[in-house]
Amino acid sequence: MTSATALCPPIPHLLPPNFPKTNRPQTPPSLLATVAVSVTLRRNREVTVRRNPAVIFCASLGGLGESVSAAAAEEEDKKKRASLVVVNFYKFVRIEDPRCEVARHLTFLEDLDIHGRIYLTEQGINAQISPAPDGHAFPRLKVQLRPLVQVEGGISHLPLVDPSRRATPLSPSDWKKQIEAVNNDHSASSADSSVVVLDLRNGYEWDIGHFRGAMRPDVDCFRSTSFGLSQSRICSSDPLVDVDKEKTNILIYCTGGIRCDVYSTILRERGFKNLYTLKGGVSHYLEKEGPAEWIGNLFVFDSRLSLPPPAFRPNCSTKDACLQQLHVDEKFARCYTCGSIVDELRHRNCANLDCNLLFLCCPECLHSLKGCCSQACTSASRLRPVLPGRQRYQKWHLYRDTKVQA
């Protein structure tokens, strides 16, 4: 039986050619080696690579493609973010000794200039890493033995390594056809109740971008997601309440795919039959299909926070450009404090360190509340200054002795 390492090139092929040579192991950890890399890294776009069919893998160079601000901080921040590389992948596979794999990954990566998060368990690997020599999207490297995703009740009992127990993946083109059909039915006032579009992300992710026809999830943390699990037949926040489990087609999407795969397994065990997921998640869809049927930006879990569709498909066609303009003109995001429409589809953290809420904010509230999410937070003892441009807060000690102006 051929080993996974023999089937695929070693992990150093992931790295840009100008990475420093190190005394790293000649044989990379087997799980990282399962990713068959054949990728051309192109600036300011999301690149999908050829991969083992069971692996979702993409590299993202996060230029935002928006107008350049006159502020020096804004300009510097954009230059830094344009050089970032973010690689996301996961794989469900039975691991006999995950603690050993954690140690092997740490040994292999310790001398490389790579930041990010790598989680391993008996069920596989989930990773987001930033192998960029000019900057990082993550503050440090974490390789941990922990669940691939967090949900109530845990996932160790779920048959995740069995593809038949998960939802059926749809290609971006097939997904687009399904969403178009749903929205055409809705616009014709003949909504098809046999199809449900389920956004399996957090509510704040929906707030800056989502597929047309997808209801905002009333969830602030994926861990507490309970769609389709309620015993009550009256629950307005659950789109799966009172649906026909045998006949209803449920279209599930998330950012990269792993949350959908995990949760579809839970729904399968609850008796839902017709489950479909967007293969590769929204990031893969935006690269392949552009902004068709998508409104707004995509929330990402790294220092960039928000990416517009052109970041995934910079060399778009005239048709894509028109669709992008429609997405710009279709206002939906609102200020957390006053409820007014906001133009910038990007969250910020509350200036009160002990709150740190991630929220959308209009310029007026940003100024009047000193970067806080509420009036109560403006009098907090650990108040950070309002950061210019798109900067992110760093460690508290950098602001501890800073006098925040009233």
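What to note about this one:
- Virtual spin-label span in nm between Arg334 and Arg216, 7 Å along Cα→Cβ: 0.6 nm
- For the peptides 206-217, 154-165, residues were scored by their other Cβ atoms within 10 Å and the scores averaged per peptide; the highest-first order is 206-217, 154-165.
- Each Lys and Arg contributes +1 and each Asp and Glu -1, all at the Cβ; summed about the Cα centre of the stretch 333-406, the dipole is approximately 280 debye.
- Violating pairs (Cα-Cα greater than 19 angstrom) within the set Lys91/Lys245; Lys247/Lys273; Lys142/Lys279; Lys176/Lys247; Lys91/Lys279; Lys177/Lys331: Lys91/Lys245; Lys142/Lys279; Lys176/Lys247; Lys177/Lys331
- Under a 5 Å amide H cut-off, with hydrogens placed 1.01 Å from N, Val143 pairs with Ile118 among residues at least 5 apart or on other chains.
- Dipole-positive endmost among Gln150, Val161, Cys254 within the stretch 145-301 (Cβ charges, Cα centre): Val161
- Peptide packing for 196-203, 365-372, 293-300, 167-174 was compared via the average number of neighbouring C-beta atoms within 10 Å per residue; ordered from the highest value, the list is 293-300, 196-203, 365-372, 167-174.
- When peptides 251-261, 271-281, 93-103 are ranked by their average number of other Cβ atoms within 10 Å per residue, the highest-first order is 251-261, 271-281, 93-103.
- Distant-in-sequence amide contacts of Leu170, defined by a placed amide H-H separation under 5 Å and a gap of 5 or more residues or a different chain, comprise Thr277, Leu278, Lys279.
- Take the Cα of Ser194, step 7 Å toward its Cβ, do the same at Leu398, and the gap between the two points is 5.5 nm.
- Residues whose placed amide H lies under 5 Å from that of Asn352, excluding near-sequence neighbours: Cys373, Arg384
Just so you know, all these numbers are worked out from the coordinates, no wet-lab data involved. Bear in mind the structure is a predicted one, so any value in this text is a computation, not a measurement. Because the Cβ atoms are built from the backbone with ideal geometry, glycine has one as well, and the counts that use them run over all protein chains shown.
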